[in-house]
1. Based on alpha-carbon atoms only, what is the radius of gyration of the range 46-204 relative to the globular estimate 2.2 N^0.38 Å?
2. Mind checking which aspartates and glutamates have their C-alpha under 19 Å from Lys177, skipping anything on the same chain fewer than 8 residues away?
3. Please compute the length gained on full extension between Ala41 and Val143, using 0.36 nm multiplied by the number of residues separating them and subtracting their Cα-Cα distance.
4. Got a number for carbon plus sulfur as a percent of the range 64-185's accessible area, 1.4 Å probe?
5. Structure shown: which of Lys69/Lys124; Lys124/Lys150; Lys71/Lys150 lie over 22 Å apart, alpha-carbon to alpha-carbon?
Amino acid sequence: MGPFIMDNDQATAPDQEIYAPQFPSGALAPAPRTLLDILQATARAYPDAPAIDDGERTESYAELIEEVKAKARRLHEQGLGAGDRIGVRVESGTRHLYEWILAILWVGAAYVPVDADDPDERAKTVFTEARVAGIIKGTGTIVAESGRPKPYAAPRMPGLEDDAWIIFTSGSTGKPKGVAVSHRSAAAFVDAEAQMFLARRPAEHHRPRARRAVGRLRRLLRGNVDRLAQRRLPGARPARPGARPAWTLGLG
(Lines give C-alpha, C1' and ligand atoms only; values in the text may rest on other atoms or scores of the structure.)
Protein backbone atom coordinates (compact mmCIF):
# COMPACT_ATOMS: atom_id res chain seq x y z
CA MET A 1 0.00 0.00 0.00
CA GLY A 2 1.41 3.40 -0.94
CA PRO A 3 1.82 6.52 1.21
CA PHE A 4 -1.31 8.29 2.34
CA ILE A 5 -2.37 11.69 3.61
CA MET A 6 -2.44 11.77 7.38
CA ASP A 7 -4.93 13.69 9.49
CA ASN A 8 -3.83 17.11 10.70
CA ASP A 9 -3.75 15.94 14.30
CA GLN A 10 -1.47 12.99 13.55
CA ALA A 11 2.31 13.25 13.74
CA THR A 12 4.11 12.85 10.41
CA ALA A 13 7.34 10.88 10.28
CA PRO A 14 10.29 12.83 8.85
CA ASP A 15 10.59 10.41 5.91
CA GLN A 16 6.83 10.10 5.36
CA GLU A 17 5.86 11.07 1.82
CA ILE A 18 2.71 13.18 1.60
CA TYR A 19 0.66 13.03 -1.55
CA ALA A 20 -1.04 16.13 -2.92
CA PRO A 21 -4.83 15.94 -3.05
CA GLN A 22 -5.98 13.81 -5.96
CA PHE A 23 -8.67 16.34 -6.86
CA PRO A 24 -7.22 19.73 -5.83
CA SER A 25 -10.30 21.61 -7.07
CA GLY A 26 -12.72 19.45 -5.11
CA ALA A 27 -13.07 22.12 -2.43
CA LEU A 28 -14.44 24.50 -5.09
CA ALA A 29 -17.45 22.30 -5.79
CA PRO A 30 -20.79 23.86 -4.82
CA ALA A 31 -22.44 22.63 -1.67
CA PRO A 32 -24.93 19.78 -2.22
CA ARG A 33 -28.29 21.06 -3.40
CA THR A 34 -31.40 20.02 -5.28
CA LEU A 35 -32.43 20.67 -8.87
CA LEU A 36 -35.00 23.15 -7.61
CA ASP A 37 -32.29 25.02 -5.69
CA ILE A 38 -30.55 25.49 -9.03
CA LEU A 39 -33.75 26.56 -10.79
CA GLN A 40 -34.65 29.09 -8.12
CA ALA A 41 -31.12 30.52 -7.94
CA THR A 42 -31.10 30.97 -11.72
CA ALA A 43 -34.54 32.58 -11.68
CA ARG A 44 -33.46 35.05 -8.98
CA ALA A 45 -30.31 35.97 -10.89
CA TYR A 46 -31.89 36.20 -14.37
CA PRO A 47 -35.67 36.63 -13.95
CA ASP A 48 -36.20 38.15 -17.39
CA ALA A 49 -33.91 35.81 -19.31
CA PRO A 50 -35.63 33.27 -21.61
CA ALA A 51 -36.01 29.90 -19.91
CA ILE A 52 -38.15 27.90 -22.36
CA ASP A 53 -38.94 28.41 -26.03
CA ASP A 54 -41.00 25.64 -27.61
CA GLY A 55 -41.60 27.46 -30.87
CA GLU A 56 -45.03 28.70 -29.82
CA ARG A 57 -44.17 30.72 -26.73
CA THR A 58 -41.06 31.93 -24.96
CA GLU A 59 -41.18 32.01 -21.17
CA SER A 60 -38.78 33.93 -18.96
CA TYR A 61 -37.51 32.36 -15.77
CA ALA A 62 -39.93 34.49 -13.76
CA GLU A 63 -42.85 33.34 -15.91
CA LEU A 64 -41.68 29.74 -15.74
CA ILE A 65 -41.60 29.82 -11.94
CA GLU A 66 -45.17 31.12 -11.83
CA GLU A 67 -46.36 28.39 -14.22
CA VAL A 68 -44.58 25.73 -12.18
CA LYS A 69 -46.11 26.97 -8.92
CA ALA A 70 -49.58 26.99 -10.45
CA LYS A 71 -49.21 23.40 -11.65
CA ALA A 72 -47.73 22.38 -8.29
CA ARG A 73 -50.86 23.71 -6.57
CA ARG A 74 -52.97 21.56 -8.90
CA LEU A 75 -50.95 18.50 -7.91
CA HIS A 76 -51.48 19.24 -4.22
CA GLU A 77 -55.20 19.72 -4.83
CA GLN A 78 -55.31 16.18 -6.25
CA GLY A 79 -53.58 14.79 -3.14
CA LEU A 80 -50.15 14.38 -4.78
CA GLY A 81 -46.95 15.51 -3.11
CA ALA A 82 -43.62 14.68 -1.48
CA GLY A 83 -42.48 11.09 -1.78
CA ASP A 84 -44.93 10.22 -4.55
CA ARG A 85 -44.00 9.00 -7.99
CA ILE A 86 -45.93 10.67 -10.78
CA GLY A 87 -46.09 9.43 -14.35
CA VAL A 88 -45.65 11.92 -17.18
CA ARG A 89 -47.03 11.28 -20.64
CA VAL A 90 -46.90 14.68 -22.29
CA GLU A 91 -45.77 15.42 -25.86
CA SER A 92 -42.01 15.96 -26.08
CA GLY A 93 -40.71 19.40 -27.05
CA THR A 94 -43.63 21.35 -25.60
CA ARG A 95 -43.38 23.81 -22.73
CA HIS A 96 -46.12 21.85 -20.98
CA LEU A 97 -43.76 18.90 -20.57
CA TYR A 98 -41.06 20.99 -18.91
CA GLU A 99 -43.54 22.83 -16.69
CA TRP A 100 -45.13 19.62 -15.44
CA ILE A 101 -41.79 17.96 -14.77
CA LEU A 102 -40.63 20.95 -12.73
CA ALA A 103 -43.99 21.11 -10.93
CA ILE A 104 -43.63 17.46 -9.92
CA LEU A 105 -40.14 18.20 -8.58
CA TRP A 106 -41.49 21.32 -6.83
CA VAL A 107 -43.86 19.27 -4.67
CA GLY A 108 -41.10 16.83 -3.74
CA ALA A 109 -42.30 13.99 -5.97
CA ALA A 110 -40.34 12.03 -8.58
CA TYR A 111 -41.39 12.01 -12.22
CA VAL A 112 -41.61 8.83 -14.26
CA PRO A 113 -41.67 9.69 -17.98
CA VAL A 114 -43.09 7.69 -20.87
CA ASP A 115 -43.12 9.20 -24.33
CA ALA A 116 -46.58 10.22 -25.51
CA ASP A 117 -46.06 8.20 -28.70
CA ASP A 118 -45.04 4.98 -26.94
CA PRO A 119 -47.47 2.06 -26.95
CA ASP A 120 -50.04 2.06 -24.16
CA GLU A 121 -48.71 -1.33 -23.04
CA ARG A 122 -45.30 0.16 -22.27
CA ALA A 123 -46.87 3.01 -20.34
CA LYS A 124 -48.93 0.56 -18.32
CA THR A 125 -45.87 -1.56 -17.56
CA VAL A 126 -43.66 1.36 -16.55
CA PHE A 127 -46.26 3.11 -14.41
CA THR A 128 -47.21 -0.16 -12.71
CA GLU A 129 -43.60 -1.09 -11.97
CA ALA A 130 -42.91 2.41 -10.61
CA ARG A 131 -46.10 2.34 -8.53
CA VAL A 132 -47.05 5.85 -9.57
CA ALA A 133 -49.60 7.71 -7.47
CA GLY A 134 -50.81 9.76 -10.41
CA ILE A 135 -50.28 10.42 -14.11
CA ILE A 136 -50.08 13.65 -16.14
CA LYS A 137 -51.52 13.22 -19.64
CA GLY A 138 -52.02 15.48 -22.64
CA THR A 139 -51.26 19.10 -21.78
CA GLY A 140 -52.47 18.95 -18.21
CA THR A 141 -54.93 16.20 -17.31
CA ILE A 142 -54.17 14.82 -13.84
CA VAL A 143 -55.27 11.29 -13.03
CA ALA A 144 -54.64 10.47 -9.37
CA GLU A 145 -55.21 7.35 -7.34
CA SER A 146 -58.70 7.15 -5.94
CA GLY A 147 -59.13 7.58 -2.22
CA ARG A 148 -56.19 9.90 -1.70
CA PRO A 149 -56.81 12.67 0.88
CA LYS A 150 -57.24 16.05 -0.82
CA PRO A 151 -55.47 18.40 -0.72
CA TYR A 152 -52.07 16.91 0.07
CA ALA A 153 -51.68 17.11 3.84
CA ALA A 154 -47.96 17.80 4.35
CA PRO A 155 -46.55 19.84 1.45
CA ARG A 156 -42.79 20.38 1.29
CA MET A 157 -39.99 20.99 -1.17
CA PRO A 158 -37.67 18.11 -2.10
CA GLY A 159 -34.62 17.16 -0.06
CA LEU A 160 -31.21 16.05 -1.25
CA GLU A 161 -31.97 12.35 -0.98
CA ASP A 162 -35.44 12.53 -2.54
CA ASP A 163 -35.75 10.93 -5.95
CA ALA A 164 -35.89 13.42 -8.81
CA TRP A 165 -36.85 10.96 -11.51
CA ILE A 166 -37.02 7.27 -12.31
CA ILE A 167 -35.94 6.05 -15.72
CA PHE A 168 -36.74 2.72 -17.27
CA THR A 169 -34.80 0.65 -19.77
CA SER A 170 -36.36 0.00 -23.15
CA GLY A 171 -37.31 -3.55 -22.24
CA SER A 172 -35.76 -4.93 -25.44
CA THR A 173 -34.12 -7.76 -23.49
CA GLY A 174 -36.93 -8.36 -21.04
CA LYS A 175 -39.14 -6.48 -18.64
CA PRO A 176 -38.22 -2.75 -18.34
CA LYS A 177 -36.14 -2.04 -15.24
CA GLY A 178 -36.25 1.23 -13.32
CA VAL A 179 -33.39 3.27 -11.85
CA ALA A 180 -33.99 6.15 -9.44
CA VAL A 181 -31.79 9.27 -9.50
CA SER A 182 -31.64 11.54 -6.44
CA HIS A 183 -31.70 15.32 -6.41
CA ARG A 184 -28.19 15.33 -4.91
CA SER A 185 -26.75 13.35 -7.82
CA ALA A 186 -28.65 15.17 -10.56
CA ALA A 187 -27.81 18.63 -9.20
CA ALA A 188 -24.13 17.71 -8.74
CA PHE A 189 -23.98 16.77 -12.42
CA VAL A 190 -25.63 20.03 -13.49
CA ASP A 191 -23.27 22.06 -11.29
CA ALA A 192 -20.22 20.24 -12.68
CA GLU A 193 -21.34 20.88 -16.25
CA ALA A 194 -21.95 24.54 -15.46
CA GLN A 195 -18.49 24.98 -13.99
CA MET A 196 -16.89 23.34 -17.01
CA PHE A 197 -18.81 25.02 -19.80
CA LEU A 198 -20.82 27.98 -18.53
CA ALA A 199 -18.41 29.81 -16.27
CA ARG A 200 -18.47 33.15 -18.11
CA ARG A 201 -22.04 34.02 -19.10
CA PRO A 202 -22.26 31.61 -22.05
CA ALA A 203 -25.03 33.56 -23.74
CA GLU A 204 -22.52 36.35 -24.32
CA HIS A 205 -19.16 34.61 -24.57
CA HIS A 206 -19.42 30.87 -25.20
CA ARG A 207 -22.44 29.98 -27.26
CA PRO A 208 -20.88 26.79 -28.72
CA ARG A 209 -19.86 25.61 -25.26
CA ALA A 210 -23.28 26.44 -23.90
CA ARG A 211 -24.90 24.34 -26.61
CA ARG A 212 -22.60 21.43 -25.80
CA ALA A 213 -23.45 21.68 -22.11
CA VAL A 214 -27.17 21.74 -22.81
CA GLY A 215 -26.73 18.78 -25.13
CA ARG A 216 -25.01 16.80 -22.40
CA LEU A 217 -27.76 17.64 -19.93
CA ARG A 218 -30.38 16.66 -22.50
CA ARG A 219 -28.68 13.30 -23.05
CA LEU A 220 -28.44 12.79 -19.31
CA LEU A 221 -32.15 13.32 -18.86
CA ARG A 222 -32.85 11.01 -21.76
CA GLY A 223 -31.41 8.14 -19.82
CA ASN A 224 -27.59 8.24 -19.84
CA VAL A 225 -27.29 8.14 -16.08
CA ASP A 226 -24.28 5.85 -15.84
CA ARG A 227 -22.23 8.82 -14.59
CA LEU A 228 -24.60 9.48 -11.72
CA ALA A 229 -24.85 7.74 -8.38
CA GLN A 230 -27.80 5.44 -8.94
CA ARG A 231 -30.15 3.79 -6.48
CA ARG A 232 -31.79 0.77 -7.97
CA LEU A 233 -35.42 -0.03 -7.43
CA PRO A 234 -36.20 -3.49 -6.05
CA GLY A 235 -35.40 -6.07 -8.70
CA ALA A 236 -33.78 -3.55 -11.05
CA ARG A 237 -30.34 -3.45 -12.59
CA PRO A 238 -28.45 -0.35 -13.76
CA ALA A 239 -28.86 0.61 -17.38
CA ARG A 240 -25.79 -0.32 -19.41
CA PRO A 241 -23.50 2.63 -20.25
CA GLY A 242 -24.92 4.61 -23.13
CA ALA A 243 -28.26 2.83 -23.05
CA ARG A 244 -31.32 4.91 -23.87
CA PRO A 245 -34.86 4.04 -22.93
CA ALA A 246 -37.63 4.70 -25.38
CA TRP A 247 -38.62 8.10 -23.96
CA THR A 248 -36.98 11.45 -24.59
CA LEU A 249 -36.77 14.64 -22.58
CA GLY A 250 -35.02 17.94 -23.20
CA LEU A 251 -34.34 21.05 -21.19
CA GLY A 252 -32.70 23.03 -23.95
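1. Details: Rg = 16.3 Å, N = 159, 2.2 N^0.38 = 15.1 Å.
After normalising by residue count via 2.2 N^0.38 Å, the value is 1.08.
2. Leaving aside aspartates and glutamates fewer than 8 places away in the same chain, those within reach of Lys177 are Asp84, Asp115, Asp118, Asp120, Glu121, Glu129, Asp163, Asp226.
3. On the way: separation 102, 0.36 × 102 = 36.72 nm, distance 3.13 nm.
Additional length available on full extension: 33.6 nm.
4. Details: 2520 of 5150 Å².
Answer for the range 64-185 is 49 percent, counting heavy atoms of protein chains only.
5. Numbers: Lys69/Lys124 28 Å; Lys124/Lys150 25 Å; Lys71/Lys150 15 Å.
Beyond 22 Å between Cα atoms: Lys69/Lys124; Lys124/Lys150.
The values are calculated or read from the model by the stated rules, or taken from the named source; none is laboratory data. Note that this is a predicted model, so its numbers are computed, not measured. Surface accessibility is based on the protein's heavy atoms, side chains included, excluding ligands, DNA and RNA. Shrake-Rupley method; radii C 1.70, N 1.55, O 1.52, S 1.80 Å.
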